Amino acid sequence: MSSPEKQKGDRAERAVVDWLTSKGIPAHRIRAGSPDDIGDIEVHPDLVVEVKDRGKLDLPAWVRALAVQKANKDAAFGVIVVKKRGSSNVTDWSFVVDAPTFVNLWKRIAPEA
């Protein structure tokens with residue numbers, strides 16, 4: 001049996017996958033223990049999705065880990081999904097991107113700006 005923390009993380013990841021697929025975005029969880037850490041959820045080869053359900057917010061460490069995951073996957077984009085305390089509704093959660101992801105997104109949506 002897995003630890004309560006692992007179970008909590010698994011629930012949050014499943015909630016994100018269910019929410020993404022309900023929006024028409026194909027998503028599935030990545031098997032834990034992968035040789036290269038490439039995030040929690042597979043959505044697109046160029047995107048790393050990491051889900052956090054933690055009591056303490058540690059964005060600096062999470063953004064550093066996201067950079068490693070993006071490099072491991074050779075991905076341009078990364079997002080950290082942070083579960084809101086007390087809410088099981090993913091719509092209430094925060095989606096955080098790192099600076100390189102923001103710039104890449106901007107260049108794709110406003111290439112002439």
Hydrodynamic radius (Kirkwood) for the range 16-78, which is based on Cα pairs only, to one decimal in Å: 12.3 Å
Subset of Lys8/Lys70; Lys56/Lys107; Lys6/Lys84 violating a 28 Å alpha-carbon distance limit: Lys56/Lys107
Distance between modelled label sites at Ser22 and Lys107, nm, 7 Å Cα→Cβ extension: 3.5 nm
Average projected area [Cα convex hull, the chain], square nanometres: 7.9 nm²
Relative contact order, percent, the range 1-76 [alpha-carbon distance under 8 Å, six or more residues apart]: 27 percent
Exposure rank, largest accessible area first [Asp40, Asp92; 1.4 Å]: Asp92, Asp40
Amide H contacts under 5 Å for Gly78, placed H, 5+ residues apart: Val48, Asp98, Thr101
The range 8-110: trypsin sites (Lys or Arg not before Pro) in DSSP loop, at most 13 other beta carbons within 10 Å: Lys23, Arg31, Lys56, Lys84, Arg85
Point-charge dipole on Cβ atoms (K/R +1, D/E -1) for the chain, about Cα centre, debye to 20: 340 debye
In Hz, Karplus ³J(HN,Hα) per residue of the range 97-105 (6.51, -1.76, 1.60; θ = phi - 60°; x = Gly, Pro): 10, 7, 4, x, 5, 4, 4, 4, 4
Angle in degrees between helix 59-73 and the longest Cα principal axis of the chain, rounded to the nearest 10: 70 degrees
Amide H within-cut-off set for Ser94, under 5 Å, with H built and near neighbours excluded: Val82, Lys84
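The values are calculated or read from the model by the stated rules, or taken from the named source; none is laboratory data. Only a predicted model underlies this, so the values are computations on that prediction, with no experimental measurement involved. Positions of Cβ are generated from backbone atoms using ideal geometry, with glycine treated the same way; all protein chains shown enter the neighbour counts. Note: areas computed on protein heavy atoms with side chains; ligands, DNA, RNA excluded. Shrake-Rupley method; radii C 1.70, N 1.55, O 1.52, S 1.80 Å.
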